[in-house]
Amino acid sequence: MNIPKSHPRFVSLSIREKIVKGYDNGLVAKEGLLAHGRGEAFDYLIGEKTTNTARAAINAAASALLSAHSPVISVNGNVASLCPKEIIQLAKITKAKIEVNLFYYDEHRKKSIAKSLKKAGAKQVLGTNPKSYRRISGLDSSRRIVDRDGIFAGDVILVPLEDGDRTAALKRAGKTVITFDLNPLSRTSQTADITIVDNIVRGMKLLVSSCKKSKRKRSNFNNKKALASALSEIKNNLKRRTSIA
Ligand code: PTJ
């Protein structure tokens with residue numbers, strides 16, 4: 001659909017079109033369309049802009065990625081459709097590996113995602129070679145299958161738009177977990193070490209520029225405090241916009 005730039009919801013509708021295109025191109029799962037709708041609702045609540053709390057989380061994530069020994073960016077269908085360019089830029093700056101890892105398991109979709117990322121400039125995309133498959137213990141979903149040279153061996157893992165089970169399993173495996181999740185109440189948000197409560201479309205761009213500026217410095221980021229602050233930002237935003245809140 002050709003959305004006129006003058007439309008008041010142009011940005012949100014354009015992002016929606018990216019997901020629909022990703023679905024049409026075989027990258028996004030049907031369920032990914034629903035997940036996107038949930039994200040849209042939370043984006044509305046935070047005011048469709050990057051909050052101060054999200055900026056602090058982005059800077060902490062940049063430090064963690066730059067200090068990592070073996071960072072990995074986990075990519076699913078929604079992420080591949082929404083920000084392919086930024087995934088590749090981030091991987092380059094942080095020397096991170098890119099791995100396709102799906103919740104709704106589908107070998108064909110995995111390969112399509114890897115192909116699309118390579119087309120966008122990725123040199124190597126892990127996660128499609130069965131000989132390299134390893135299992136993360138304590139996880140029943142297909143997300144337990146990871147690449148020996150990627151998530152399995154990694155120490156700092158960026159898992160955007162993730163489900164809570166795997167975040168917990170990755171933590172149990174001793175990894176530092178960074179996520180993008182617009183819902184500060186989700187299990188992933190609550191379980192990760194660093195939760196960026198922002199739309200990945202905005203946040204990934206900022207994460208890339210923060211990595212460009214950042215030095216490897218320790219950050220004393222506290223995720224529980226940041227999530228409480230994200231909820232306050234939602235409350236304050238609602239108060240500003242309504243007289244009944
Ligand atoms: O491609 P697959 O098979 O790996 O499936 C990917 C989805 C996203 C469908 C799968 O991981 C899933 O079902 O995720 P959930 O459990 O719905 O969680 C996705 C979370 O991401 C939700 O809390 C949404 O609010 C949030 N979210 C959705 N869109 C965005 C987002 N967060 C940041 N930016 C977005 N654009």
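Restrict the check to region 168-179 and report whether at least one residue is under 13 Å from the mean Cα position of the chain (by Cα) and within 21 Å of Gly32 (Cα to Cα). So far as region 168-179 goes, yes, one or more of its residues are under 13 Å from the mean Cα position of the chain (by Cα) and within 21 Å of Gly32 (Cα to Cα).
Just one of (1) near the ligand (Cβ under 9 Å from one of its atoms); (2) over 21 Å from Thr167 (Cβ atoms); (3) not β-branched (Val, Ile, Thr) fails for Tyr105. It is (2). Has region 74-85 got at least one residue that is without any contact (Cβ under 8 Å) to a residue 24 or more places away in the chain and either assigned to a helix (DSSP H, G or I) or of a type in the set (A, V, I, L, M) (or both)? Looking through region 74-85, none of the residues is without any contact (Cβ under 8 Å) to a residue 24 or more places away in the chain and either assigned to a helix (DSSP H, G or I) or of a type in the set (A, V, I, L, M) (or both).
Can you name every residue in region 59-81 that is within 12 Å of the ligand (Cβ to nearest atom) and open to solvent by less than 10 Å² (accessible area, probe 1.4 Å)? The answer is Ser74, Val75, Gly77, Val79, Ala80. For region 136-179, give me the residue count where each residue is modelled with pLDDT under 95, surrounded by fewer than 24 Cβ atoms within 10 Å (Cβ to Cβ), within 14 Å of the ligand (Cβ to nearest atom) and not small (Gly, Ala, Ser). Of the residues in region 136-179, 5 are modelled with pLDDT under 95, surrounded by fewer than 24 Cβ atoms within 10 Å (Cβ to Cβ), within 14 Å of the ligand (Cβ to nearest atom) and not small (Gly, Ala, Ser). Residue selection: Val125 fails the criterion of being under 15 Å from the mean Cα position of the chain (by Cα), within 16 Å of the ligand (Cβ to nearest atom) and of a type in the set (Val, Ile, Thr).
The values are calculated or read from the model by the stated rules, or taken from the named source; none is laboratory data. This is a predicted model, so every value here is computed, not measured. Backbone-built Cβ (ideal geometry, glycine too); neighbour counts: all protein chains shown. What goes into the accessible areas is simple: the full protein's heavy atoms, side chains included, and nothing from ligands, DNA or RNA. Shrake-Rupley method; radii C 1.70, N 1.55, O 1.52, S 1.80 Å.
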